[in-house]
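Single-structure report; data block below.
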Amino acid sequence: MFIGRVPLSIMGPMGTPSWRLDGLAHTEKLTDPEDIAEAALARMVALGLRPDPSHFTVWYHYFGDTFPDLTKTIDQILDGGGMSNEQCTDLFVSFFTSEAESAKMEDFSIRLDEVMDQAVRYLDEAGAEAAEFGDTLAGASEGLSSTENDATAILREVLSATRNMQARQKSMENKLIQSSGEIV
């Protein structure tokens, strides 16, 4: 019988199914990902392990010979007579979850907080600059309503304030783009 291209035998006392991989000692190196996946699934079935992703990960890396320490540990467990779901889960936790991953997530979180704080500061600056621009427009409006002021000078002031506001907005846009790049 085969699971995919991996040969299997069914053996067992009194008709009880017991699965083993035919002719596949662990010293035989599998290189094809499909063969590795099929061998991993077959071994999980043979051992009666739950077919969950963490167990599959353990066995995939066992047959892929990715982590020599994992292979050695599994071989020792199997020499003791089999493997339980709990032992397989413990192997997953030991080899595939790490403090390093937690540290990366914490570092990412810290950087995200810093960038968010920086973005809030930029937005506060923009608010202050918008208020200043509003004041300039209000002053211009007042000036235009009185006949004593020179309309050309007022319009120059409004034009200058508008250009300054455009430059500030472009600068803020660039800062926000740069800040978003710092998260990654």
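Within region 173-184, identify whether any single residue is open to solvent by 90 Å² or more (accessible area, probe 1.4 Å), under 30 Å from Tyr60 (Cβ atoms) and at pLDDT below 85, and answer yes or no.
yes
Could you identify the single residue in Phe133, Phe108 that is assigned to a helix (DSSP H, G or I), aromatic (Phe, Trp, Tyr) and at pLDDT below 80?
Phe108
In region 44-100, which residues are surrounded by 19 or more Cβ atoms within 10 Å (Cβ to Cβ) and either in a loop (DSSP other than H, G, I, E, B) or of a type in the set (D, E, K, R) (or both)?
Residues satisfying the conditions are Leu49, Met83.
Name the single residue, out of those in region 32-43 being in contact with a strand residue (DSSP E or B) (Cβ under 8 Å, 6 or more places away or on another chain) and more than 18 Å from Ile77 (Cβ to Cβ), that is most open to solvent (accessible area, probe 1.4 Å).
Leu41
Can you tell me which residues in region 136-160 are modelled with pLDDT of 80 or more and open to solvent by less than 40 Å² (accessible area, probe 1.4 Å)?
Thr136, Val158
So how many residues does region 114-143 have that are polar (S, T, N, Q) and touching a residue at least 12 places away in the same chain (Cβ under 8 Å)?
The number of residues fulfilling the criteria is 2.
The values are calculated or read from the model by the stated rules, or taken from the named source; none is laboratory data. Keep in mind it's a predicted model, so treat the numbers as computed, not measured. Please note: Cβ atoms are built from the backbone with ideal geometry, for glycine as well, and neighbour counts cover all protein chains shown. In case anyone asks, the SASA skips ligands and DNA or RNA and just uses the protein heavy atoms, side chains included. Shrake-Rupley method; radii C 1.70, N 1.55, O 1.52, S 1.80 Å.
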